[in-house]
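The values are calculated or read from the model by the stated rules, or taken from the named source; none is laboratory data. Model, not experiment: these values are computed from the prediction. We place every Cβ from the backbone using ideal geometry, glycine too, and count neighbours over all the protein chains shown. Side chains are part of the model used for accessible areas, which takes the heavy atoms of the whole protein and leaves out ligands, DNA and RNA. Shrake-Rupley method; radii C 1.70, N 1.55, O 1.52, S 1.80 Å.
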Amino acid sequence: MKILGLETSSRRLSVALWLDGRLLERGGDYPNAGSEYVLPWAVELLAEAGMALGDLDGIGVGAGPGGFVGLRLACGIAQGLAFGLDLPVVGVSTLEALALAAGGARVLACTDARMNEVYVAAYEIHDGMPETIMAPGVFPPERVPVPPGSGWLGAGEGFSVYGERLHEALGTTLTAVSADVWPTAAAVARLALPRLARGEGLDPALAAPRYVRDKVALTTAERLARGGVR
Amino acid sequence: MLVLGVESSCDETGLALYSTTRGLLAHAVHSQVKMHEDYGGVVPELASRDHIRRLIPLLRIVLDEAAAEKDDIDAVAYTAGPGLAGALLVGASFAEALALSLGVPALPIHHLEGHLLSPLLAKNPPNFPFVALLVSGGHTQLMRVAGVGRYELLGESLDDAAGEAFDKTAKLLGLGYPGGPALASLAATGQAGRYRLPRPMLHTNDLNFSFSGLKTAVLTLVGGGLADGDRADLAAEFQEAVTEVLVAKALRAVRTCKLDRLVVAGGVGANQRLRQRLDSEGAALNIRIHYPELSLCTDNGAMIAFCGAQRLQAAAAGQNHGAFAIRPRWPLAELIAPS
C-alpha cells in the first residue's frame, strides 16, 4: 500500500510517504506555518518516489488531540486531497503516534494542552502496534490518571512544560522520561496502514479532528450564572 | 471554465460553482447564526469547528445541483482574507489540497473583492467604473472601482462597521444576537424622529463614517428601561440615523468621482430602509443603484467563485506548488489588477 501521512498537531510538522514497507519523511519545527510547508513536502516526497498523487491508496492524518488550528490544517488538507482523489482517510490519535515514536514498551504519552492542562493517554506496544490502556483525556498535570503497574516511559512535550507537576501525580509509575518526542507523520502512516488494509478508511466528509477539549466557550446563560455581564 | 468557490471567513460556509460561459450554476450556504446565538456573538473556535464539518457536504450539494463531476472543476477559488484566521485556514487548507489533487490552479481571493463584484452576478450588472458601498457587520467602506482588481479607497468607518452598530444596538434593546435584522423589523413598527439621535460625520468634508457614538447615545436613552412602543421608536430613529449618513456619503462619493452608478454590497445592503432611501435619493440625482441578489448579500461562495473566474480569465494562473498563506488582515486597496 501507498499511504500519505500528515501530522501537524504540534509545532513539529511532518509529512510521510509509506511505500509498501519503505518510509520517506519531511518535517521540521515550524510553529504556525503549516500552510507553507505541508503540501509542498507532500509534492516533494511524491517526486522523490517517482509517484503521482493518483498512485496513493489512502491518507492517514494525526486527528488529535493537539493544537486546534494544526488539527484542522491536516484534516482540511486530508479532506481536500481525499475528495479529489477518491481516497479513504484514517484519523489516528496523535498520542498513539507519539507513543509509537517514543519507542518504549509501555508509554504514557503526554502533550501540552495549554491553559494549565495536558492531553494524556497510555499505550502498551505489542509487535509495533499500540494497545490502548488509557484513552486520551485532558487533565490538570497534578490530576492525570495513573496507568496500572510500573515500568512506564513518560513521553512528550507535557513533561518539559509540566515535569514537576506530573511527577507529583505519577510518583514511581514512570521509570524514564523522554520529553523531546513528538507525534510524527511516519508513525501516523504506520498506524493508518493496518486500518486502511482492513477497509476501515472513512469517506473524507467524515474525517474530523478529535479535539478532546470540547468545551471552548461559555454561553451567555453560563456567563450570567457565573456572575458575568451580558 | 468551471470555478469552485469556497468561503469560510466568518460564520457562514459557502460553496458555489460558476461557469464562465453559463454563469452561476449552483451555490449553497450553511449559516452558523443559530449556533453562535447562545454565546451572544461569533465564537471563532466554534466557527472553525463547524466549517470543517460542512465543506464536503456542501460541495456535494453544489456538484449535484450543477450536474457536474469534481473532475469538471477547472480552478478552486477560496477566501484567503480578511476574516477570522482559524476559519480562513479551514477553507484554504481544503481548497488548496483539492486543487492540487485535481491538478488545477488554486486562487486565493479577497473577501471584500467578492462582495464588491457580487452585483455583477445580478441580471442587469453595472459597467465599470462605479462607486461601491461595502456595508456589513465587519466593514463600511466606499471604493472607486475602475475594473477587476482596480480599487481605490474613498472612505471608511473610523470605528464600528454599520452592521456591527446594528448588532450592538440591538443587544442594548434586548433583541439578542445577531440583532441587526431584528432591529430592522422592530424599526418598521416605530416612528423615527420622536427620539433624536446624532448623524455622526454627516457634514464632514471626507467620505469617512463613525458609528460607535450612536450606540452610546442609544445606551443613554435606554437607561432605566423602555416601553415596547418606545423601543420601536428608538430602533426606527437609529436605523434612520445610520441610513441617512450611509446614503448621503455614498451619493456624495458618486458625485465626487463624477460617476452615475453606485453598487451596494454586504449584509447591510439587504436592509430595506437603506434600499428605499438610496433608490429615491439616487433617482433624484440620476444615480443608478445596483444591488446583489438578496441571497448574495451575506457571505457566500458564489462571489468567491465569480472573482476567481475573473482573475483566471484575466491572467494565466501560476504553477500550483501547494504552499499557501491566509491574510486575516488584508486591505482591499492592496489588491493588484490582473494584467
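Using the Cα centre of the protein assembly as shown as origin and beta-carbon charges of +1 (Lys, Arg) and -1 (Asp, Glu), tell me which of A:Ala49, B:Tyr177, B:Ala302 is placed farthest towards the positive end of the dipole.
Among A:Ala49, B:Tyr177, B:Ala302, the one farthest towards the positive end of the dipole of the protein assembly as shown is B:Tyr177.
With viscosity set to 0.890 mPa s and temperature to 25 °C, compute the Stokes-Einstein D of chain B, Rh being the Kirkwood radius across alpha carbon pairs; µm²/s, no decimals.
So the translational diffusion coefficient is about 120 µm²/s.
Order B:Thr298, B:Thr140, most accessible first, counting only protein heavy atoms with a 1.4 angstrom probe.
B:Thr298, B:Thr140
Dipole size in debye (nearest 20) for the range B:147-234 around its Cα centre, Lys and Arg Cβ +1, Asp and Glu Cβ -1?
Using only the charged Cβ atoms, the result is roughly 200 debye.
Helix B:85-102: angle to the longest alpha-carbon principal axis of chain B, degrees 0 to 90, nearest 10?
30 degrees
Restricting to chain A, compute how many DSSP beta bridges are antiparallel as a %, nearest 5.
The answer is about 65 percent antiparallel.
Which residue, B:His51, B:His110, B:His203, has the most motion in a Gaussian network model of chain B that connects Cα atoms within less than 10 Å?
The residue with the greatest mean-square fluctuation here is B:His203.
Hey, if you put +1 on the Cβ of every Lys and Arg and -1 on every Asp and Glu Cβ in the protein assembly as shown, which of A:Gly58, B:Leu2, A:Ala113 ends up farthest toward the positive end of that dipole?
B:Leu2
Could you state how much accessible area A:Trp18 has, in square angstrom rounded to the nearest 10, with a 1.4 Å probe and all protein chains kept in place?
Surface accessible to solvent at A:Trp18 totals approximately 30 Å².
Checking the a/c ratio against 1.5 first, then a/b against b/c, what shape does the Cα gyration tensor give for chain A?
The shape class here is oblate.
Of B:Ala227, B:Ala66, B:Ala188, which is the most mobile in a GNM of chain B whose springs link Cα atoms less than 10 angstrom apart?
B:Ala227
Springs between alpha-carbon pairs under 10 angstrom, Gaussian network model over chain A: which of A:Val181, A:Val61, A:Val69 fluctuates most?
Its mean-square fluctuation being the largest, the pick is A:Val69.
Using a 7 Å offset from the Cα along the Cα-to-Cβ direction at both A:Leu23 and A:Glu164, what is the distance between the two label points in nm, to one decimal?
Label-label distance for A:Leu23 and A:Glu164, simple model: 3.6 nm.
Mind checking the mean number of beta-carbon atoms from other chains within 10 Å of the Cβ atoms in B:323-330?
So the per-residue partner count for this stretch is 2.
Counting pairs of alpha carbon atoms under 8 Å apart in space and at least six apart in sequence, what relative contact order in percent does the range A:95-178 give?
It rounds to 29 percent for the range A:95-178.
Using a 1.4 Å probe over the heavy atoms of the protein chains, calculate the carbon and sulfur portion of the accessible area of chain A as a whole percent.
It is 50 percent, rounded to a whole number.
Using helices alone, I'd like the mean residue ellipticity at 222 nm for chain B: each DSSP H run of four-plus residues gives -39500 (n - 2.57), total over residue count, nearest 500.
Taking each H run of at least 4 residues, the total per residue is -13000 deg cm²/dmol.
For the protein assembly as shown: lysine pairs with Cα atoms under 29 Å, gap of 8 or more or different chains, count?
16
Once you have a ≥ b ≥ c as the square roots of the Cα gyration tensor eigenvalues for the protein assembly as shown, tell me rounded if a/c is under 1.5, and otherwise prolate or oblate according to whether a/b is larger than b/c.
Cα axes put the protein assembly as shown in the oblate bin.
Going by alpha carbons, how many degrees (0 to 90, nearest 10) lie between the helix axis of A:158-170 and the longest principal axis of chain A?
Helix A:158-170 sits at roughly 50 degrees to that axis.
As an exercise, use a Förster radius of 25 Å and the Cβ-Cβ distance of A:Glu222 and A:Arg114 to find the FRET efficiency, rounded to the nearest 0.05.
0.75
Restricting to the range A:95-178, what percent of DSSP beta bridges are antiparallel, rounded to 5?
70 percent
Could you grab the relative contact order for chain B? Cα pairs under 8 Å, six or more apart, rounded to a whole percent.
Across chain B, relative contact order equals 25 percent.
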